[in-house]
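Down below is the structure, laid out as structure tokens.
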Amino acid sequence: MPSDFDRLVSALRRAKRVSVLTGAGMSAESGIATFRGAGGLWEGRRVEEVATPEAFSADPVKVWRFYEGRRRAVKAAAPNPGHEALAALEARFPAFHVATQNVDGLHRRAGSRNLVELHGCVERRYCVVCRRTEEDLEPLDDLPPLCKGCGGMMRPDIVWFGEPLSVEAWEDARQAARESEVYLVVGTSSQVYPAAGLALVAADAGAEVFEINPEETPLSPVFTGAIREPSGKALPRVVAALFG
Ligand code: BV8
Ligand code: ZN
């Protein structure tokens, strides 16, 4: 009886179109805290406190302190072998797409290009008045940062709870899921929608869906198989099995 890992590798050998959905677990081995695991970002700190537009309008400095802390963590972090493996796979398939829920920019730093950041990125901020955008990881001393164009308040370019995803990003990710023959769900607890629903779009369209996550998730039962390993180990193993 072939293992799920063997089934994944043989499915990838047959596939031309592969898509991936990643979550915070992808960056755990880069030292970036996940949200819902032990010691997660939101443990002891309610989501509503920091990741909603209401929290931002109530106390922009507090929300900016939360994001400034993440910007500093991200600046100090580096992509791990899992990010690098996905970038390597992108070069090997005719169609390879990554949709990430992560806002840490590590997929892009690892070299992934056919990439959608569903929930934005901590490197970017925009003016709430004129929408002028800035992109860097330089430390922000004065919080909230003010727009260099009009003096308006800047906000993180992040999709908060209760906010819609960008239509373009969503459509791009949904199309990729619909077209994929193999769909990888990596490092996500599959609890946040609509992102988590992308795996169901892929499964409904006939893709073989494999979860790479040390733990089970609510969607595990509907997937084809699971690799119960950290992504920083499992993904390089997949690359080695496919391309030696
Ligand atoms: C929307 C930016 C509609 C913030 C994020 C009630 C009130 C309000 C909203 C809702 C509600 N009920 C439902 C909703 C919808 C809500 C939602 O889904 N809530 C959930 C919690 C129930 N969704 C929304 O609000 C979305 N918007 O619905 O808008 C709309 C439409 C039109 C007009 C107006 C409105 C917006 C959702 C986006 C929220 N923003 N991020 C920030 O990052 O600061 S979501 C946040 O959670 C992060 O982006 C994160 O990526 C995402 C999902 O978490 P995961 O990535 O899965 O991380 P987690 O820690 O949970 O899991 C880690 C996993 O990794 C674990 O399974 C672990 O086992 C595994 N792991 C650990 N180590 C490893 C590993 N795996 C592999 N290798 C390892 N080494
Ligand atoms: Zn402005």
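Residues that are over 23 Å from Arg13 (Cα atoms), assigned by TED's automatic domain parsing to the domain that holds Arg70, among the small types (Gly, Ala, Ser) and surrounded by 14 or more Cβ atoms within 10 Å (Cβ to Cβ) do not occur anywhere in the stretch 177-199. Inspect the stretch 1-9 for any residue being at pLDDT below 95 and more than 19 Å from the chain's Cα centre (by Cα) and give the result as yes or no. Among the residues of the stretch 1-9, at least one is at pLDDT below 95 and more than 19 Å from the chain's Cα centre (by Cα), which makes the answer yes. Note on the stretch 131-162: residues that are away from ligand 2 (no atom under 15 Å from the Cβ), surrounded by 12 or more Cβ atoms within 10 Å (Cβ to Cβ) and in a loop (DSSP other than H, G, I, E, B) total 6.
Are any of the residues in the stretch 117-127 touching a Lys or Arg at 6+ places or on another chain (Cβ under 9 Å) and among the β-branched types (Val, Ile, Thr)?
Within the stretch 117-127 (the criterion being touching a Lys or Arg at 6+ places or on another chain (Cβ under 9 Å) and among the β-branched types (Val, Ile, Thr)), the answer is yes, since at least one residue qualifies.
Anything in the stretch 208-218 that is within 13 Å of ligand 1 (Cβ to nearest atom) and either β-branched (Val, Ile, Thr) or under 16 Å from Arg36 (Cα atoms) (or both)? List them, or say none. Result: Ile212, Asn213, Pro214, Glu215, Glu216, Thr217, Pro218. Is it fair to say Pro221 is part of a loop (DSSP other than H, G, I, E, B) and either surrounded by 18 or more Cβ atoms within 10 Å (Cβ to Cβ) or of a type outside the set (Ser, Thr, Tyr) (or both)? Criteria not met by Pro221. Residues that are assigned to a loop (DSSP other than H, G, I, E, B) and within 12 Å of ligand 1 (Cβ to nearest atom) within the stretch 106-130 comprise Leu118, His119, listed in sequence order. Report yes if some residue within the stretch 168-181 is within 16 Å of ligand 1 (Cβ to nearest atom) and not in a helix (DSSP H, G or I); otherwise report no. No, the stretch 168-181 contains no residue that is within 16 Å of ligand 1 (Cβ to nearest atom) and not in a helix (DSSP H, G or I).
The values are calculated or read from the model by the stated rules, or taken from the named source; none is laboratory data. As the structure is a prediction and not an experimental result, all values here were calculated from the model. Note that we place each Cβ from the backbone using ideal geometry, even for glycine, and neighbour counts take in every protein chain shown.
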